[in-house]
Amino acid sequence: MDYHVADLFHLPARWNEAFSLVVEIRTLQSLPLPQRADAAAAIAATVRPGGQVFVRCLARDDGEPPVSRPWPVSRGELRRFIKAGLREAEFADQPAAEAHGRFFTAVYARPGGPELPERREST
């Protein structure tokens, strides 16, 4: 398995729709809210047709202000992946566990390529 690292806001052009799997764990929640739309679009742009992005982040409700860093991500912010051309294949809202916050775990897929499974949601 190869791992690639780059500045999210200045990705190499060769990465456009280049990856079958992109893993986004806690990147969005580390960014100030005004940068998240661009970040989600940049992440989505790296997913090839038939590929997926796996997202895991601290969660907050839409409209709930983020209080401290890391700033939890709202479901509305995750919809930026859909606006960027991906579809939600899976979504789970996991309640806070002892000493841990609430998490969202989601998979977004770029249409095209091999057939993808039907969307699943759990709460």
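The values are calculated or read from the model by the stated rules, or taken from the named source; none is laboratory data. Just so it is clear, the structure is predicted and the values come from calculations on it, not from any experiment. When we count neighbours, we look across all protein chains shown, and the Cβ atoms used for this are built from the backbone with ideal geometry, even at glycine.
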Residue by residue through the range 21-43, note down the ones that are among the hydroxyl-bearing types (S, T, Y) and not in a helix (DSSP H, G or I).
T27
Given (1) exposed (fewer than 13 other Cβ atoms within 10 Å of the Cβ); (2) of a type outside the set (K, R); (3) in a loop (DSSP other than H, G, I, E, B); (4) modelled with pLDDT of 95 or more, E17 misses just (1)
Hits in the range 67-77 - residues which are crowded, with 16+ Cβ neighbours inside 10 Å and in contact with a strand residue (DSSP E or B) (Cβ under 7 Å, 6 or more places away or on another chain)
P72, V73, S74
Any chance you could count how many residues in the range 79-115 are modelled with pLDDT of 95 or more, touching a Gly at 6+ places or on another chain (Cβ under 9 Å) and among the charged types (D, E, K, R)?
1
Meets criteria (closer than 14 Å to R110 by Cβ and either modelled with pLDDT of 95 or more or part of a helix (DSSP H, G or I) (or both)) for G76:
no
What about A6, is it among the small types (G, A, S), surrounded by 18 or more Cβ atoms within 10 Å (Cβ to Cβ) and in contact with a helix residue (DSSP H, G or I) (Cβ under 9 Å, 6 or more places away or on another chain)?
no
Of a type in the set (A, V, I, L, M, F, W, C), more than 27 Å from G113 (Cβ to Cβ) and without any contact (Cβ under 8 Å) to a residue 40 or more places away in the chain: which single residue out of V23, V5, V67 fits that description?
V67
